[in-house]
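> Below you'll find the structure I mean.
The values are calculated or read from the model by the stated rules, or taken from the named source; none is laboratory data. Keep in mind that what you see is a predicted model, and the values were worked out from it rather than measured. Glycine gets a Cβ as well: all are built from the backbone with ideal geometry, and neighbour counts include every protein chain shown.
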Amino acid sequence: MNFTARRLHSTKYIFLVITGFIVLCCPSEKIMGQAPEIRFSGFVKTDMYLDTRNTVSAREGQFMLFPMNKEKDAGGNDINRNTRFNLVAIQTRIQAAINGPDAFGAETSGLIETAFFGSAETNINTLRMRHAWVNLDWEQTNLLVGQYWHPLFVPQSFPGTVSFSTGTPFQAFSRNPQVRLTHTQGGLTAIVAALTQRDFTGPGGSESLQNSAVPNLHAQLQGTAGDVQGGIGIDFKRLDIVPHRYEPVNSFSWFGFLNLPIAGLTSKSYVIYGENLQDQMMLGGIVRKAESDRLSPIRIFSFWQEFTTGFRNENGRAQYEWGLFAGYSQNLGTNRDEVTLLSSPEFSPRGSNIDYLYRIAPRFQVQSGPVRFSLEADMTTAAYGSMKSDGTVTDADPVTNFRLLLGAWLFF
């Protein structure tokens, strides 16, 4: 069997395993009197990217956050000023959407989604769970239980960047096990949720939230009027990172988003002021009050804006899109003085020596049928300095990475 044949055989095997799992887990006709409907979809995606600097990132640089700080060798050369190229297909994704029979007077649905991103650098190219949930829909009210986007990530309003980082670290980005209740009345939608942490965690990992015995709590209100949509929300989490040694630390975050059409453009805006947003792949975390057991969350302010416009050619066979993403994030420190980092690296904040970040990323995409080609130029700057006693950063020196990214997609 040649290489291509082996790859096709492996792909068929993966589909058979996923299909078999779903069939075994779904109720049969004999039990429920109605078989569930299962629809497979997804895409094959390949990313090719060139960086002018080493980056803080995941999965061989594919999920890029920001450029690394300057680091001098014995000859005074910045070893992180290093041009790099890579080509990966690990974002290839498979989704199974399930429509089940009615239950408790509600329409039932579910979803299983996986990708080849792996769960760590050591198992890239292996499957990992992205989403897995069941939903009960009573027309105006629905109940979702399972793993899904954190409510700080709004599926109706997130950056459409070519890069899989999807606006991170300016956009909250996390998938969490949760129980979420949504109620819609007219043009208003209210969301409340209780969540835990799994793949995306804060200081001390998922156990810090478990030790607090209080789930991550969230409340959100959305409104829709024609093509305009917006929302505001508040998020609370309590972490107990080392029980009986440090006091539990509470964190609050407030955010808002707005989608609206402007003169042929689609505008998306997002703003968040939050504490300890490390689990959202953003700047922040927790620091310790010097010579005490009291902990404090680092506060940040982050904002992003995106404009997109698109059109079809004369024969209607190809669709084009232009887009521009811009983001900014600022380290605001803590509400205490004389703070210091905790001694263990697993509790270190993300970017504790970064004063601010910004990114500008224009893109162009063309799609014909199920095939899309995308080109994006990304300039991301991080200003590194020294952490002051209140957690803010002084004497910041900016460094910049330029990334040129080409994406190829096949949707199915």
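> In region 102-134, which residues are outside any loop (DSSP other than H, G, I, E, B), free of Cβ contacts under 8 Å to residues at least 12 places away in the same chain and either under 20 Å from residue 62 (Cα atoms) or within 18 Å of the chain's Cα centre (by Cα) (or both)?
Narrowing region 102-134 to residues outside any loop (DSSP other than H, G, I, E, B): 102-103, 106-115, 121-123, 128-134.
Adding the requirement that they be free of Cβ contacts under 8 Å to residues at least 12 places away in the same chain leaves 102, 122-123.
Answer for region 102-134, where residues must be outside any loop (DSSP other than H, G, I, E, B), free of Cβ contacts under 8 Å to residues at least 12 places away in the same chain and either under 20 Å from residue 62 (Cα atoms) or within 18 Å of the chain's Cα centre (by Cα) (or both): 122, 123.
> Right, another one. Is at least one residue of region 337-349 crowded, with 17+ Cβ neighbours inside 10 Å, modelled with pLDDT of 95 or more, more than 19 Å from the chain's Cα centre (by Cα) and part of a strand (DSSP E or B)?
Among the residues of region 337-349, not one is crowded, with 17+ Cβ neighbours inside 10 Å, modelled with pLDDT of 95 or more, more than 19 Å from the chain's Cα centre (by Cα) and part of a strand (DSSP E or B), which makes the answer no.
> Let me ask you something else. Return yes or no: is residue 270 farther than 21 Å from residue 152 by Cβ and surrounded by 16 or more Cβ atoms within 10 Å (Cβ to Cβ)? Give the steps one after another, and end with the answer.
Details: farther than 21 Å from residue 152 by Cβ: no; surrounded by 16 or more Cβ atoms within 10 Å (Cβ to Cβ): yes.
Here the answer is no, as residue 270 does not meet what is asked.
> Moving to a separate point now. Which of the residues spanning region 168-224 are crowded, with 17+ Cβ neighbours inside 10 Å and of a type in the set (A, V, I, L, M, F, W, C)?
Across region 168-224, the qualifying residues are 170, 172, 173, 191, 193, 195, 209.
> Tell me the residue from 106, 74 that is of a type in the set (A, V, I, L, M) and surrounded by 12 or more Cβ atoms within 10 Å (Cβ to Cβ), please. Quick ask: steps written out before the conclusion?
Values: 74 fails: surrounded by 12 or more Cβ atoms within 10 Å (Cβ to Cβ).
Criteria check complete, one pass: 106.
> Could you go through region 250-266 and let me know if any residue there is of a type outside the set (A, V, I, L, M, F, W, C), crowded, with 17+ Cβ neighbours inside 10 Å and closer than 22 Å to residue 214 by Cα.
yes
> Any chance region 85-94 includes a residue that's touching a His at 6+ places or on another chain (Cβ under 9 Å), surrounded by 15 or more Cβ atoms within 10 Å (Cβ to Cβ) and touching a residue at least 40 places away in the same chain (Cβ under 8 Å)?
Narrowing region 85-94 to residues touching a His at 6+ places or on another chain (Cβ under 9 Å): none.
Scanning region 85-94 turns up no residue that is touching a His at 6+ places or on another chain (Cβ under 9 Å), surrounded by 15 or more Cβ atoms within 10 Å (Cβ to Cβ) and touching a residue at least 40 places away in the same chain (Cβ under 8 Å).
> Here is a follow-up. Suppose we filter 279, 235 for residues that are in a strand (DSSP E or B), touching a residue at least 40 places away in the same chain (Cβ under 8 Å) and buried (at least 24 other Cβ atoms within 10 Å of the Cβ); which single one remains?
Details: 279 fails: in a strand (DSSP E or B).
After ruling out the rest, the residue left standing is 235.
> When only residues in region 297-334 that are among the aliphatic types (A, V, I, L, M) and part of a strand (DSSP E or B) count, which is farthest from residue 252 (Cα to Cα)? Steps first, answer last, please.
Restricting attention to region 297-334, the residues satisfying the condition of being among the aliphatic types (A, V, I, L, M) are 298, 300, 318, 324, 326, 332.
Right, trim to part of a strand (DSSP E or B) and you get 300, 324, 326, 332.
Numbers: 300: 11, 324: 30, 326: 25, 332: 14 Å.
So the residue we want is 324.
Residue-wise test of (1) modelled with pLDDT under 95; (2) closer than 24 Å to residue 269 by Cα.
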| position | (1), (2) |
| --- | --- |
| 311 | yes, yes |
| 323 | no, yes |
| 329 | no, yes |
| 360 | no, yes |
| 384 | no, no |
| 395 | no, no |
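> Further question on the same structure: For residue 156, work out the one condition from (1) outside any loop (DSSP other than H, G, I, E, B); (2) polar (S, T, N, Q); (3) within 21 Å of the chain's Cα centre (by Cα); (4) surrounded by fewer than 16 Cβ atoms within 10 Å (Cβ to Cβ) it doesn't fulfil.
(1)
> Right, something else. Tell me, please, whether a residue that is over 25 Å from the mean Cα position of the chain (by Cα) and polar (S, T, N, Q) can be found in region 287-299.
Narrowing region 287-299 to residues over 25 Å from the mean Cα position of the chain (by Cα): 288-295.
Narrowing the set further to residues that are polar (S, T, N, Q) leaves 292.
Yes: region 287-299 contains one or more residues that are over 25 Å from the mean Cα position of the chain (by Cα) and polar (S, T, N, Q).
> Could you pull out the residue among 54, 69 that is surrounded by 11 or more Cβ atoms within 10 Å (Cβ to Cβ), farther than 21 Å from residue 126 by Cα, modelled with pLDDT of 95 or more and under 22 Å from the mean Cα position of the chain (by Cα)?
Criteria check complete, one pass: 54.
> Quick one: which of 82, 99 is polar (S, T, N, Q), in a strand (DSSP E or B), out of contact with any Gly (no Cβ under 8 Å at 6 or more places or on another chain) and surrounded by fewer than 17 Cβ atoms within 10 Å (Cβ to Cβ)?
On the way: 82 fails: in a strand (DSSP E or B).
Of 82, 99, the one residue that is polar (S, T, N, Q), in a strand (DSSP E or B), out of contact with any Gly (no Cβ under 8 Å at 6 or more places or on another chain) and surrounded by fewer than 17 Cβ atoms within 10 Å (Cβ to Cβ) is 99.
> If a residue must be without any contact (Cβ under 8 Å) to a residue 40 or more places away in the chain and in a loop (DSSP other than H, G, I, E, B), how many such residues does region 60-79 contain?
8
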